[in-house]
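The values are calculated or read from the model by the stated rules, or taken from the named source; none is laboratory data. Keep in mind the model is a prediction, meaning the values are calculated, not measured. Don't worry about glycine lacking a Cβ; one is built from the backbone with ideal geometry, like all the others, and counts go over all protein chains shown.
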Amino acid sequence: MKKILVVLGILSILFGTCAFSNSIVNIANGIISTFSEVEKEFMPDYANISISIETTDKNSLKASEENKIISQKVMEAIKSKLALKVGEKISTVNFIVYPNYSNNGKNNIVSYTCRNIILVKLKDLEKTGAIIDLAINNGATKINNVTFDVENDQNMCNNMLPEAINNTRTRAGIIAKSLNVQISGVSKVSSSCYVQNSSNVITYANARKATSVDMSSGNNYETASSNTSIEPKPIKVRASVNVDYKIK
């Protein structure tokens, strides 16, 4: 059969751009090769908060010991707010001690920094800002990032695959009818899933604070402001399929 390349820009408009990201159908050697991608958004059902505790001292052991004290304080404070029975948890994901060198060209060690990175998994997303402030107020050096995700992303993708396959079947049927040929079967099918998790990157070293003034004494008191505002973004899940239909 003569090789034909059909561009389906019009069909992409008809069926919706959210369903198709590729508007090319290749017809060659008795095959109509079609591609469809379905994308949907889901609200996340858990958050991961990456927290750093860093301490520096001329003595590596002292830097490590100080870090241990602060880390324990941070972890105990956070753990008391977690619903462990529903899967919320806190864990250490990285611990390192490294030397700091002078800038005078002599490459001398001037101090040591100890860094402990802990990860908090939250199911109650409304607690995200409060946990961030709690970590900072108890001595955490930095919030590295906050990411949002879904637990069963592959199941979500699998549920979207039939829609993507139906799109390819519809597209192939229109092409076959236009060319006065018939679809006789399927030669090959391939599929893939892509999950774009949502992230809020935060890199600050101190919790926000508001200053209240006692007008009678003239003294200033620093008090923690309302919780840091973190708004989770939708998670994009894409299911794509490529189907080669036989024609006769």
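Numerical summary
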item	result
Failed criterion for residue 120 (all others in (1) under 22 Å from the mean Cα position of the chain (by Cα); (2) surrounded by fewer than 21 Cβ atoms within 10 Å (Cβ to Cβ) hold)	(2)
Extreme residue, nearest to residue 135 (Cα to Cα), among residues of segment 31-64 that are in a helix (DSSP H, G or I) and hydrophobic (A, V, I, L, M, F, W, C)	63
Filter pass, residue 97 being at pLDDT below 90 and among the β-branched types (Val, Ile, Thr)	no
Some residue of segment 98-107 being closer than 23 Å to residue 69 by Cβ and either hydroxyl-bearing (Ser, Thr, Tyr) or out of contact with any helix residue (DSSP H, G or I) (no Cβ under 9 Å at 6 or more places or on another chain) (or both)	yes
Pick from segment 78-95, criterion of a type outside the set (Gly, Ala, Ser) and in a strand (DSSP E or B), ranking: nearest to residue 133 (Cα to Cα)	90
Exclusive hit being assigned to a helix (DSSP H, G or I) and surrounded by fewer than 16 Cβ atoms within 10 Å (Cβ to Cβ), set 180, 167, 145, 159	159
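Rundown of residues vs (1) part of a helix (DSSP H, G or I); (2) more than 30 Å from residue 232 (Cα to Cα), yes/no style:
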site	(1), (2)
66	yes, yes
71	yes, no
76	yes, no
119	no, no
130	yes, no
